[in-house]
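This report refers to the structure that appears directly beneath it.
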Amino acid sequence: MKRANWRLYLVLGLIAASAAFYALQLLVFRRSSDTFFYMLQDLAFVPVQVLLVTLVINEMLARRERNQLHLKLYMVIGAFFVDVGNDLLAIFARLDLKPAEMSEYVRVQPDWSAKDFAHARRSIREHSFAIHGGPTAFRELKSLLGDRRPALLRLLENPNLLEHDTFTEVLWAVCHLSEELGYRPGFDGLPDADVAHLELDAERAYREIAFEWLSYVEHLKDKYPYMFSLVLRTNPFDAEANVVLR
């Protein structure tokens, strides 16, 4: 209410100031025809001013703000892959029932174009994700996600993520998998239905992370070639990847 009153007082004050200046002009110069002529001339230019401000200047500022936010978002996404995502993908890739097929989709090459990345994204979306879980795999995932939980919580608290729906889905999928695993004290002797449920949660996280990883790699290729080179040499889907340059 106070903010509304403040705005109302500002509007009324500006209108009153404008009226006072016009009255002073009429009183001093006594040339009403000139005053009304220039008043109409100024009013005639108002639509052009609105056009320039709203459609041109504001759009330029909004585009600049979007670009800056885009860069900040990928910095956050990069932190996720460094802290959690790459290790998770490495585990998922080992558990994948079709590792060769998945590796073929995302074995990114230095000369990939936007068309190649688009084709890879379509292939990932159409890929039938299937993970073979088990006590050893679930314990490994539980240990990793338990150790990295503080990092995940910090990412969820980042307000910039509200502008990136797909990465928010990644975090929710990973956090849900972490919670499911965390509630179970052990994984030996679990019923087949429960094992299938955990595998489904892992497959969901695997799918979301893999898709986001590909978008992240494409962003690095366009903006940061030196980071793109490191990602290629540490590709969790490429069994021949080696961080050491030869």
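No lab work stands behind these numbers, since they all come straight from the coordinates. These numbers come from a predicted model, not from an experiment. Reconstructed Cβ throughout: ideal geometry from the backbone, glycine too, with neighbour counts over all protein chains shown.
Binning all Cα-Cα separations of region 159-228 at 10 Å, short to long from zero, yields these whole-percent fractions: 18, 36, 27, 14, 5.
Of all the options TRP112, TRP213, TRP172, the one that moves most in a Gaussian network model of the chain with Cα springs shorter than 10 angstrom is TRP112. Summing +1 for each Lys or Arg and -1 for each Asp or Glu, what net charge is found among the other residues whose Cβ lies under 15 Å from the Cβ of LEU14? Summing Lys/Arg as +1 and Asp/Glu as -1 gives 0.
Looking at region 2-60, what % of the alpha carbon pairs are farther apart than 14 Å? For region 2-60, the fraction of Cα-Cα distances above 14 Å is 71 percent. At a Förster radius of 22 Å, what calculated FRET efficiency corresponds to the Cβ-Cβ distance of VAL243 and ARG154, to the nearest 0.05? Once the sixth-power term is evaluated, E becomes 0.25. Mind checking which of SER178, TYR105, VAL46 is farthest towards the positive end of the chain's charge dipole, using Cβ charges of +1 (Lys, Arg) and -1 (Asp, Glu) about the Cα centre? Final value for the positive-end residue is VAL46. The distance linking region 14-53 with region 103-154 is 64 Å (Cα centroid to Cα centroid, whole angstrom).
When each of the peptides 142-149, 25-32 is scored by the mean number of other C-beta atoms lying within 10 Å of its residues, the order from highest to lowest reads 142-149, 25-32. Over 27 Å between Cα atoms: which of LYS115/LYS142; LYS72/LYS115; LYS72/LYS142 fall into that group? With Cα atoms farther than 27 Å apart: LYS115/LYS142; LYS72/LYS142. Under the criterion of Cα pairs below 8 Å and six or more residues apart, the relative contact order for the chain equals 24 percent. Charging the Cβ of each Asp and Glu at -1 and of each Lys and Arg at +1, and nothing else, the dipole of the chain about its Cα centre rounds to 1360 debye.
Ranking of TYR216, TYR183 by neighbouring Cβ atoms within 10 Å, starting from the fewest: TYR183, TYR216. Considering only TYR105, TYR22, TYR224, the Gaussian network model of the chain with Cα springs below 10 Å gives its largest mean-square fluctuation to TYR22. About the centre of its Cα atoms, region 2-60 shows a dipole size close to 320 debye [charges on the beta carbon of Lys, Arg (+1) and Asp, Glu (-1) only; nearest 20 debye]. Counting Lys and Arg as +1 and Asp and Glu as -1, what is the net charge of the other residues whose Cβ lies under 13 Å from the Cβ of ALA241? Within the 13 Å Cβ shell, the charges total +1. Between (1) 57; (2) 32; (3) 49, which entry matches percent of Cα pairs over 26 Å apart as derived from the coordinates of this structure? Identified label for the calculated read-out: (1). The label point for GLU101 and the one for LEU55, both projected 7 Å from the Cα toward the Cβ, are 5.1 nm apart. Scaled against the 2.2 N^0.38 Å expected of a compact globular protein of N residues, the Cα radius of gyration of region 119-246 reads 1.18. Considering only ALA205, ALA173, ALA196, the Gaussian network model of the chain with Cα springs below 10 Å gives its largest mean-square fluctuation to ALA196.
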